[in-house]
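Accompanying notes for the structure given below.
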Amino acid sequence: MAKKNNGFIERTAISAVSLLRETVSTDAIASRDGFLQRCDPRFKFAGIALLLACALLTKSTAELAVLYLASVTLAVFSSISPFFFFKRTLIFIPLFSLFIAIPALFNVVTPGKPIFAFKVFTLDLSVTRQGVDSALIFCMRVLSSVSLTILAVLTTRHHVLLKALRVFRVPRLFVMVLGMCYRYICLLLDIIKDTFTAIKSRVGFVTSPKTGRRLVAANMAGMWLRSYRLHTQVYDAMVSRGYTGEPIVLNEFRARRGDYGFLIVSLFMLIGTLWLNRFFH
Amino acid sequence: MHIPDGYLGPATCAAGFAVMAPLWAFASRKVKKTLRAKQVPLLAIAAAFAFVIMLFNVPIPGGTTGHAVGGVLAAILLGPWAACIAVSVALVIQALLFGDGGITAVGANCFNMAFVLPFVGYGVYRLISGSSPVTSVRRVVAAGIAGYIGLVVASLCAGIEFGLQPIFHHTASGQALYCPYGLKIAISAMVGEHLLVFGWVELIATALVIKFLQKQEPALLQPETEVRI
């Protein structure tokens, strides 16, 4: 019971630690020498966006499988171990989607040609061909999309990825706020981790749900107060570094021949997807 | 509530961006006009706050925990337009850097959580709190109800988005190409769980944070506070 009541303390601390750990491990992978790590972030992001468009637009399960294989291949050429990549791409969202897709297999959700029929009490149930196809394409689409996103996330330093958004004409104010926000997320995560570890060590096992709710609310409010006070100090620090009110985003990207190649291949895949879609009705 | 890639078809994804683009433009124009240079870091810090608030596990009756979205709280503290930008930034970072919520679904996610949630919640908060004093119990109740209603309405929007997929995108044989559930199932599932569980988490978190701020820093809840946009 005590453990149950105190679960929220541990869970909050664990969430903060795992996000911090993810940030550090992503930066370590992004620093390796690999194909995607060497890519200009603007071209990499644009190329992966085109591949994501393929995953979004295709009507073929086979093409989605090809996209997933392509993302695994890209991961291998980018010094990411296949086991690590499978672990990152198959667990959580695709697995969750698989559970969500299960009811869609049956005639009560997706009517169609039955391939396997059975009875539960008085209810006639059957797995339908259309249901299987719907669930399969849904899961494959989620899997290939998640894989492509994770590939971009793993092979690019976070602050660089945010800067690359300028290529999509995202306003400077947004890019600057995104960059600053990312840094503060790391800072706030560190504060949450420390605070909840301290609560765990001081409070021990005696928190009732009511006290727990008050504790969490006090921490949320405290976090806001701390954040609010922090912004004036940050502004002073920015002014001392030459900030005049106009956001400036440094652009040190340089494209190579291989970057154009990646973008062109992705573009051809998108054109191929649109062409193939004509054969699916 | 974070819709991943692959759940929504191209038409809904495009509609999400098409609706959000003018809203983002208007919000940034409004924020730029009202926000002084000094407050730009506040926007970034508020976005970081909107991001980390989802990490706090709130104990709920029954022995389990859930996390709040914090969109209504951000709207009460910052004003709805600034909250729209702050929550959008948090959602973009979640999608781009942590793979939480799809990149193609950013528009739809922002519509649900950065527009519908703060605006509906803020409207309900203003409606119930009226001109009551900043430190009144009515404000706490208003914040809780606003959080609950805001989240349920946002989940209704997500349910409608899911439910439209089999209508918009299917093959001639009836095979769904994206989320396979129709409006009836999708809306019942999304709204049901938010009415019964997550809405209460939002209610508790929003009300208790406002109550805490009433005691510690009531000035931040004043309608004329310089940060509110």
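Is it the case that A:Ile199 is at the interface with chain B (Cβ under 10 Å from one of its Cβ atoms) and in a helix (DSSP H, G or I)? Lay out the reasoning, then the answer.
Numbers: at the interface with chain B (Cβ under 10 Å from one of its Cβ atoms): no; in a helix (DSSP H, G or I): yes.
When the stated conditions are applied, A:Ile199 does not pass them.
Can you tell me which of A:Leu52, A:Leu64 is closer than 17 Å to A:Phe86 by Cα and buried (at least 20 other Cβ atoms within 10 Å of the Cβ)? Quick ask: steps written out before the conclusion?
Numbers: A:Leu52 fails: closer than 17 Å to A:Phe86 by Cα.
Step by step, each of A:Leu52, A:Leu64 is checked, and only A:Leu64 is closer than 17 Å to A:Phe86 by Cα and buried (at least 20 other Cβ atoms within 10 Å of the Cβ).
Only residues in the stretch B:1-25 that are within 10 Å of chain A (Cβ to nearest Cβ) count as the first member; pair them with residues that are surrounded by fewer than 22 Cβ atoms within 10 Å (Cβ to Cβ), Cβ under 6 angstrom, at least 6 apart or cross-chain, and list the lot.
B:His2/B:Asp100; B:Gly9/B:Phe168; B:Gly9/B:His169; B:Pro10/A:Leu57
Just to be sure I understand, how many residues within the stretch B:145-189 are touching a residue at least 60 places away in the same chain (Cβ under 8 Å) and in a helix (DSSP H, G or I)?
First, the residues of the stretch B:145-189 that are touching a residue at least 60 places away in the same chain (Cβ under 8 Å): B:146-147, B:150-151, B:154-155, B:158, B:161-162, B:164-165, B:168-169, B:177-179.
Okay, now just the ones that are also in a helix (DSSP H, G or I), so B:146-147, B:150-151, B:154-155, B:158, B:161-162, B:164-165, B:168.
Residues that pass the stated criteria total 12.
Just the residues that are open to solvent by 90 Å² or more (accessible area, probe 1.4 Å) and assigned to a helix (DSSP H, G or I), please, taken from the stretch A:105-135.
Across the stretch A:105-135, the qualifying residue is only A:Arg129.
How many residues, within the stretch A:43-70, are under 13 Å from A:Phe262 (Cβ atoms) and either within 18 Å of the chain's Cα centre (by Cα) or hydroxyl-bearing (Ser, Thr, Tyr) (or both)?
To start, the set of residues in the stretch A:43-70 that are under 13 Å from A:Phe262 (Cβ atoms) comprises A:43-51, A:70.
Then keep just the ones that are either within 18 Å of the chain's Cα centre (by Cα) or hydroxyl-bearing (Ser, Thr, Tyr) (or both); that gives A:44-51.
Here the count works out to 8.
Quick one: would you say A:Ser144 is more than 7 Å from every other protein chain (Cβ to nearest Cβ), outside any helix (DSSP H, G or I) and of a type in the set (S, T, N, Q)? Talk me through it step by step, then tell me what you get.
On the way: more than 7 Å from every other protein chain (Cβ to nearest Cβ): yes; outside any helix (DSSP H, G or I): no; of a type in the set (S, T, N, Q): yes.
It is false that A:Ser144 is more than 7 Å from every other protein chain (Cβ to nearest Cβ), outside any helix (DSSP H, G or I) and of a type in the set (S, T, N, Q).
Quick one: is A:Ile102 of a type in the set (Val, Ile, Thr), outside the structural domain of A:Leu56 (by TED's automatic domain parsing) and in contact (Cβ under 8 Å) with a residue 12 or more places away in the chain?
Numbers: of a type in the set (Val, Ile, Thr): yes; outside the structural domain of A:Leu56 (by TED's automatic domain parsing): no; in contact (Cβ under 8 Å) with a residue 12 or more places away in the chain: yes.
No.
Can we say B:Val134 is at pLDDT below 90, outside any helix (DSSP H, G or I) and more than 14 Å from every other protein chain (Cβ to nearest Cβ)?
Numbers: at pLDDT below 90: yes; outside any helix (DSSP H, G or I): yes; more than 14 Å from every other protein chain (Cβ to nearest Cβ): yes.
In short, yes.
I'm checking my understanding of the structure. Among residues of the stretch B:178-197 that are surrounded by 21 or more Cβ atoms within 10 Å (Cβ to Cβ) and under 18 Å from the mean Cα position of the chain (by Cα), which one is nearest to the other protein chains (Cβ to nearest Cβ)? Walk me through how you get there before you give the answer.
To start, the set of residues in the stretch B:178-197 that are surrounded by 21 or more Cβ atoms within 10 Å (Cβ to Cβ) comprises B:178-181, B:186, B:190, B:194.
The next check asks that each one be under 18 Å from the mean Cα position of the chain (by Cα); those that pass are B:190, B:194.
On the way: B:Met190: 12, B:His194: 16 Å.
So, considering only residues that are surrounded by 21 or more Cβ atoms within 10 Å (Cβ to Cβ) and under 18 Å from the mean Cα position of the chain (by Cα), the one nearest to the other protein chains (Cβ to nearest Cβ) is B:Met190.
The values are calculated or read from the model by the stated rules, or taken from the named source; none is laboratory data. If you're wondering where the values come from, they're calculated on a predicted model, not measured in any experiment. Using ideal geometry, Cβ is built from the backbone for each residue, glycine included, and neighbour counts are taken over all protein chains shown. Accessible surface is based on the protein model in full, side chains and every heavy atom, while ligands, DNA and RNA are left aside. Shrake-Rupley method; radii C 1.70, N 1.55, O 1.52, S 1.80 Å.
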